[in-house]
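Enquirer: Dropping the structure in here first, questions after.
The values are calculated or read from the model by the stated rules, or taken from the named source; none is laboratory data. Because the structure is predicted, anything quoted here is derived from the model rather than measured. Methodologically, a virtual Cβ is constructed for each residue, glycine included, from the backbone with ideal geometry; neighbour enumeration extends over all protein chains shown. Just the protein is used for accessible areas: all its heavy atoms, side chains included, with ligands, DNA and RNA removed. Shrake-Rupley method; radii C 1.70, N 1.55, O 1.52, S 1.80 Å.
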Amino acid sequence: RGLDPVTAVQIATINAAEFFKVDDELGSIANGKIADLLIVNNLSDFEVETVVADGEVVSRKGSFKADLKPPKYPEYMKDTIKLPREIRPNDFKVKTEKDNEVKVKVIGVIEGELITKKENAVLPLENGCICADVDKDISKISVIERHQSPEYQEFADNDFLMGTGFINGFGLNDGAIGESFAPVPENIAVVGSNDEDMAKVVNHIQEVGGGLVVVKNGEILSQLKLPILGLLSRNSLEKVSKKQKETVAATKKIGCEIRSPFLTLMFMTYPIIPELKITEFGLVDVENMETVNLEYDD
């Protein structure tokens, strides 16, 4: 792009280290500093030939040289999905006092973006409850508090804290997907075309201790188990990468059109990025920093 390569290296090393006030240890090559070094072929191609981490050669000509020891995880990092009971399809019901159909606020997914659009849709009712509408690409989306934190229980209408809303853009024509890998506070997020499959997803996440799950007609199509804190796998990078790709591919079998469905779902629960997001407390209008009713006022 025309930038002097020395300036580019400076930006990525000493400038960043000084900005974060860690330049006493990092950011330049000098006596007493941590030896995290890249040796490259030249400053034009910038192909990395050797990587030195903390004074040890860990990679040379693309081959990993270090000896990695598998970590020992303490017991408190296991069995962290703490739901008080099995989740039932009825837990996802969205009740209304309307008689025929109802206009609701809808989270609008933007492909490849973390922000969403404020949308609306008129949705059908069944037995006094608002339904998803796959013909309009409107799915249900829920977040379930999975830590059983005492400070949250005073807000819970049920045995647990749970927020449900509606979302457009996943393309689901069947089934459901869900995960325990989501931004702070790492609750369970699930999106689906029907309540039965959404319940199956959440209960299976509880059963395996965390992970990514795809369900269709009550059947597990694919999963990536993350039993450490509901966030990490004990398996190798290669195995995790392979399983993650398989699980993402399985979402296509239920109509999902998003390139990164689990990443997208993850950030639908993050209420600091506009415009509408869903949390365990319900639908959040991020710009006004408040929870809002699903239904529009008459």
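Enquirer: At most 12 other Cβ atoms within 10 Å and a DSSP loop assignment: could you name the trypsin sites (Lys or Arg not before Pro) in the stretch 228-298 that fit?
Expert: Qualifying residues, ordered by number: Arg259.
Enquirer: To the nearest 20 Debye, how big is the dipole of the stretch 158-298 about its Cα centre, given +1 on the beta carbon of each Lys and Arg and -1 on that of each Asp and Glu?
Expert: Roughly 1180 debye, rounded to the nearest 20.
Enquirer: Averaging over every viewing direction, what projected area does the convex hull of the Cα atoms of the stretch 5-64 cover, in nm²?
Expert: Reported value for the Cα convex hull: 4.3 nm².
Enquirer: How many lysine pairs are close in the stretch 202-298, with Cα atoms under 12 Å apart and the two 8 or more places apart or on different chains?
Expert: 4
Enquirer: Here is a further query. In whole percent, how big is the carbon plus sulfur part of the accessible area of the chain, probe 1.4 Å, protein atoms only?
Expert: Answer for the chain is 50 percent, counting heavy atoms of protein chains only.
Enquirer: Now, a different point. Helix-only mean residue ellipticity at 222 nm, the chain, DSSP H runs n ≥ 4 weighted -39,500 (n - 2.57), per residue, nearest 500. What is it?
Expert: Result for the chain: -4500 deg cm²/dmol, rounded to the nearest 500.
Enquirer: Once you have the Kirkwood Rh of the stretch 120-205 from its Cα pairs, apply Stokes-Einstein at 20 °C and 1.002 mPa s and quote D in µm²/s.
Expert: Here the translational diffusion coefficient equals 156 µm²/s.
Enquirer: Measuring from label point to label point, each 7 Å out along Cα→Cβ, what is the Asp54 to Glu97 span in nm?
Expert: Going from the Asp54 label point to the Glu97 one covers 6.2 nm.
Enquirer: Through the Karplus equation 6.51 cos²θ - 1.76 cosθ + 1.60, θ set to phi - 60°, convert the phi angles of the stretch 75-84 into ³J(HN,Hα) values in whole Hz; use x for Gly and Pro.
Expert: After applying 6.51 cos²θ - 1.76 cosθ + 1.60, I find 4, 5, 7, 10, 6, 9, 8, 10, 8, x Hz.
Enquirer: Also, quick follow-up: Round to the nearest 10 and report in Å² the accessible area of Phe267, as given by a 1.4 Å probe over the protein chains' heavy atoms.
Expert: The accessible area comes out at roughly 40 Å².
Enquirer: Follow-up question, since we're still on this one. Counting pairs of Cα atoms in the stretch 199-257, how many percent are more than 14 Å apart?
Expert: 54
Enquirer: Which distance in Å, rounded to a whole number, links the C-alpha centroids of the stretch 246-295 and the stretch 83-144?
Expert: 12
Enquirer: With an 8 Å cut-off on Cα pairs and a minimum separation of 6 or more residues, tell me the relative contact order of the chain in percent.
Expert: Relative contact order here is 16 percent.
Enquirer: Sticking with this structure for a sec: For the stretch 16-168, take the convex hull of the Cα atoms, compute a quarter of its surface area, and give me that in nm², please.
Expert: 17.5
Enquirer: Looking at the chain, identify the longest residue range that excludes and avoids all GluC sites (Glu not before Pro) in DSSP loops having at most 13 other Cβ atoms within 10 Å.
Expert: Counting at most 13 other Cβ atoms within 10 Å as exposed, the longest clean stretch of the chain is 155-286.
Enquirer: Separate question: Which value, in debye to the nearest 20, describes the size of the charge dipole of the chain about its Cα centre when Lys and Arg Cβ atoms bear +1, Asp and Glu Cβ atoms bear -1, and nothing else is charged?
Expert: 1200
Enquirer: Counting only heavy atoms of the protein chains, get the accessible area per residue of the stretch 89-291 (1.4 Å probe) and round it to a whole Å² value.
Expert: 45
Enquirer: Percentage of Cα-Cα pair distances in the stretch 220-298 greater than 14 Å, rounded to whole percent?
Expert: Value for the stretch 220-298 (Cα pairs over 14 Å): 71 percent.
Enquirer: Related question: So for the pair Glu257, Ala8, with labels modelled 7 Å out along Cα→Cβ, what separation do we get in nm?
Expert: 3.8
Enquirer: Compute the angle between helix 195-208 and the longest alpha-carbon principal axis of the chain, please, reported from 0 to 90 degrees and rounded to the nearest 10.
Expert: Once rounded, the angle reads 40 degrees.
Enquirer: Please identify every one of the trypsin sites (Lys or Arg not before Pro) in the stretch 17-84 that sits in a loop by DSSP and has no more than 13 other beta carbons within 10 Å of its own beta carbon.
Expert: Within the stretch 17-84, the qualifying trypsin sites (Lys or Arg not before Pro) (loop, at most 13 other Cβ atoms within 10 Å) are Lys21, Lys61, Lys65, Lys72, Lys82.
Enquirer: Would you grab the residues whose amide H sits under 5 Å from the one on Glu275? Only those 5+ places off in sequence or on another chain, please, with H modelled 1.01 Å from N.
Expert: Thr116, Lys117
Enquirer: Give me the base-10 log of I(q)/I(0) for the chain at each q in 0.11, 0.16 Å⁻¹, Debye formula, one uniform scatterer per Cα, rounded to two decimals.
Expert: Taking Cα atoms of the chain as identical point scatterers yields -0.77, -1.19.
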